[in-house]
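Below is one structure, written out as structure tokens; the observations come after it.
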Amino acid sequence: MRITNFALLLLMSSLSGPLLAQTTAEQIRQATLAFLDNFANEQTGAGYTVSFEPGSIDSRLALAECKQPLSVEFSGDPWKSTSPSLLVACEGHRPWRMFVTASVSIHGPALVATRPLTRGERITSDLVTHQSVEINASRRGVITESRQAVGMEVRRSINAGSLITPDMLSAPDAIERGDHVIITAKTGGFSVRSRGKALANAGVGEQVLVENLSSSRTVKANVVAAGHVEIQM
């Protein structure tokens, strides 16, 4: 006769003694409910609305008794998934761990476009507005603050009313080919400045070739700000 894994678990449990106390499926469900309720209350204070429901737990499940409150935490990011996993664990004398899937919906303000935006357009405050959306339904993330978008450049066309996600925007080039820049050469505690000309476009944190206008030498420098590059000697 074939014995399933679950039947084997029940058999081993019965052989270990009928008087042993156990952690039931209902206790695990209550622990996950308490955890999710606390999470929802925390987000309410930050301006978000959270609805949730723990996943089903087999009512026949019986694990070793836990002498202390069960530990529950997210094992998946609830801000990027509507079905994050919860890790439920007992850290007692007979420790165990299990995963429970939950349904979580987080609604709150995020940026949307006020009109169609074209590739290469620079974001200004009047081009975005806040709208309540299901934030964790977007696996690409959302932008919640206008300051995170203003000044950024649109990477691809965005329809009016569409949710703006981080991958739709990029930082504009701080330096463009032909721009005159200040070159700062640093060595130890000393620095020397000279004027140069950028030979390519680059953003802050990127490297760019620049021509030193005094020596006519071409050097590779790091862009530190608009019109400013640095060389480590």
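The values are calculated or read from the model by the stated rules, or taken from the named source; none is laboratory data. Only a predicted model underlies this, so the values are computations on that prediction, with no experimental measurement involved. As a convention, Cβ positions derive from the backbone with ideal geometry for all residues, glycine included, and neighbour counts pool all protein chains shown. Side chains included, ligands, DNA and RNA excluded: accessible areas come from the protein's heavy atoms. Shrake-Rupley method; radii C 1.70, N 1.55, O 1.52, S 1.80 Å.
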Between residues in region 33-48 that are touching a residue at least 40 places away in the same chain (Cβ under 8 Å) and residues that are aliphatic (A, V, I, L, M) and assigned to a helix (DSSP H, G or I), which pairs lie under 8 Å by C-beta distance while being six or more apart or on different chains? TYR48/ILE135
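Report yes if ARG122 is of a type in the set (Lys, Arg) and either over 27 Å from THR165 (Cβ atoms) or modelled with pLDDT under 90 (or both), otherwise no.
no
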May I ask you to list the residues in region 152-198 that are surrounded by fewer than 19 Cβ atoms within 10 Å (Cβ to Cβ), under 35 Å from the mean Cα position of the chain (by Cα) and more than 30 Å from ALA110 (Cβ to Cβ)? GLU176, ARG177
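Conditions (1) open to solvent by 50 Å² or more (accessible area, probe 1.4 Å); (2) at pLDDT 95 or above; (3) of a type in the set (Val, Ile, Thr); (4) more than 27 Å from VAL150 (Cα to Cα), marked per residue:
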site	(1), (2), (3), (4)
ALA40	no, yes, no, yes
GLY55	no, no, no, yes
LYS67	yes, no, no, yes
HIS93	yes, no, no, yes
TRP96	no, no, no, yes
ALA110	no, no, no, no
PRO116	yes, yes, no, no
SER132	yes, no, no, no
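Are there any strands (runs of 3 or more DSSP E) wholly within region 51-144 with 2 or more residues that are in contact (Cβ under 8 Å) with a residue 40 or more places away in the chain and in contact with a helix residue (DSSP H, G or I) (Cβ under 7 Å, 6 or more places away or on another chain), and if so which?
Answer list for region 51-144: 85-90, 96-113.
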Cβ contacts < 7 Å: first residue on the phi > 0 side of the Ramachandran plot, restricted to region 179-204; second residue assigned to a strand (DSSP E or B) and open to solvent by less than 40 Å² (accessible area, probe 1.4 Å), any location; separation 6+ or different chain. Result? none
Taking ARG156 as meeting all but one of (1) part of a loop (DSSP other than H, G, I, E, B); (2) out of contact with any helix residue (DSSP H, G or I) (no Cβ under 9 Å at 6 or more places or on another chain), write down the number of the exception. (2)
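Condition test on VAL72, is it more than 30 Å from ALA200 (Cα to Cα) and modelled with pLDDT of 90 or more? Full working, then the answer.
Numbers: more than 30 Å from ALA200 (Cα to Cα): yes; modelled with pLDDT of 90 or more: yes.
Answer is yes for this residue.
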Since TRP79 meets every condition but one in (1) open to solvent by 60 Å² or more (accessible area, probe 1.4 Å); (2) more than 18 Å from SER138 (Cβ to Cβ), which condition does it not meet? (2)
